[in-house]
1. Among the residues of the stretch 278-297, what is the count of those that are in contact with a Pro (Cβ under 9 Å, 6 or more places away or on another chain) and either assigned to a strand (DSSP E or B) or not assigned by TED's automatic domain parsing to the domain that holds ALA235 (or both)?
2. Return the total of residues in the stretch 144-166 being part of a loop (DSSP other than H, G, I, E, B) and either surrounded by 13 or more Cβ atoms within 10 Å (Cβ to Cβ) or among the hydroxyl-bearing types (Ser, Thr, Tyr) (or both).
3. Quick one: in the stretch 344-392, of everything that is of a type in the set (Lys, Arg) and over 16 Å from THR284 (Cβ atoms), which residue is farthest from the chain's Cα centre (by Cα)?
4. Within the stretch 81-117, count every residue that is closer than 9 Å to GLY56 by Cα and in a loop (DSSP other than H, G, I, E, B).
5. Among the residues of the stretch 38-53, are any basic (Lys, Arg) and surrounded by 17 or more Cβ atoms within 10 Å (Cβ to Cβ)?
6. Any idea which of GLY198, GLY169 is part of a loop (DSSP other than H, G, I, E, B), touching a residue at least 40 places away in the same chain (Cβ under 8 Å) and not basic (Lys, Arg)?
7. Here are the criteria: (1) without any contact (Cβ under 8 Å) to a residue 12 or more places away in the chain; (2) assigned to a loop (DSSP other than H, G, I, E, B). Tell me which single one GLY141 does not satisfy.
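The values are calculated or read from the model by the stated rules, or taken from the named source; none is laboratory data. Everything quoted here is computed from the prediction, not taken from an experiment. For neighbour counting, all protein chains shown are included, and Cβ atoms are generated from backbone atoms with ideal geometry for every residue, glycine included.
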Amino acid sequence: MRQNIPLEVAQAQILSCCTTGGTEIVPLTQSFQRVLAEEVVAAFSIPPFDRSPLDGYALRSIDCLTATRSNPVRLKVVDNVSAGRMASCTLEPGTAIRVMTGAPVPGGADTVVRQEDTLQDGEDVLVYVAPSANSNIARAGEDVREGEMVLQPGCRLHSGAVGMLAALGKDQVRVYQKPRVAILSTGEELVDLGVPLGPGQIYNSNLYALVAAVREAGGEPIAIGTFSDSTTAIAAGLAQALDSADLVITTGGASVGEYDLVREAFLAVGAEILFWRIKIKPGTPAVLARRGKQALLGLSGNPAAALITFELLGRPAILQMSGRRDIWRPRVQALLEEDYAKNGGARRFLRATVRWEGGYRASISGRQTPGVLKSILYCNALVDVPAGSSGLKAGEMVDVILLMESGEW
């Protein structure tokens, strides 16, 4: 067992334990935010034909070279084509075909004149502009060409990706299975929701916060429950969790106190402890163990510490298990708006609020003690403060992890 290791070593260790799972085929309607597990190659072009992007008249540009507002060109209208149907004829010199938005461009036409630049006159149309050839035509393959690689495995399917799959005619898609993540908490002081609080008791916020965090990361959370401070009770909960989960996360009982029994419980269920304690604050007492292909991650019982350590260790592990290519949050440089006076010591991750004002600006979001949950409420970033820092000053640039998906800014 390794002790007091750097964060990056801990991250590499947990990723080595958490491999990508299997795949399954789901209906397209159930694919949103799932991770794609197949290459998607266009079987046909989009659009599959030249089409009109507006309401107007398809015609031959050569017929209207002299058209002006005061001296329009008169053309005979030989058809009226709406989206979803083809013209009944090919354009001959001196003719035009009325087309609606999305309609296929008729054969013989090399341009579409918008309706506002024409006037219907009985069976004829008056054209008031001299159009350029190839104007107002959305060409076949303008969006996607037949044979083009459109999507690659490992991407999370957002609404645009689902729309593209539908445009390609795919009513089902192969995705990675969601990793099953069991969550359990330890502590005599913890009370489940719906039960009145007794003296010295608090509600178990960690369990519910981590269920939400696991789901946001793309995992399938399994809330095992709360267990008393005994090795036997914790081991029983772990055994239940290991029966159904790929990854087990615990909160509490991972430090050095008399009731910090998670490591003993990990050993009791046959797991090998890989590391204990990381050189960061908050979240120092994190512990990682492995049993076969299953990983067990023990986090601090302090709410903010548990969520921050999950963000740094648990989330990238779940993303990797889910098949994601991009498992790390984006990092940016931000201008700090206030002093942070704490000097020296371990590497710290400060809860912060970041906004964009011609550049990123960061402010500390409340009290930074490990047990304070309120400062997480409006936190959308973590400021990464190096070990041994002499404190931070307002106006200096700091390294920031953005706690949001790409595209949410």
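1. Matching residues across the stretch 278-297 total 3.
2. The first filter runs over the stretch 144-166 and keeps only residues part of a loop (DSSP other than H, G, I, E, B), leaving 145-148, 152-155, 157-158.
Next, only the ones that are either surrounded by 13 or more Cβ atoms within 10 Å (Cβ to Cβ) or among the hydroxyl-bearing types (Ser, Thr, Tyr) (or both) stay: 145-146, 148, 153-155, 157-158.
Looking only at that region, the number is 8.
3. ARG367
4. 2
5. Checking the stretch 38-53: at least one residue is basic (Lys, Arg) and surrounded by 17 or more Cβ atoms within 10 Å (Cβ to Cβ).
6. Answer to the check: GLY169.
7. (1) is the only condition that GLY141 fails.
Residue-by-condition table, conditions (1) aliphatic (A, V, I, L, M); (2) within 30 Å of ALA140 (Cα to Cα):
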residue	(1), (2)
ASP171	no, yes
SER185	no, no
GLU189	no, no
VAL195	yes, no
PRO199	no, no
SER205	no, no
ALA209	yes, no
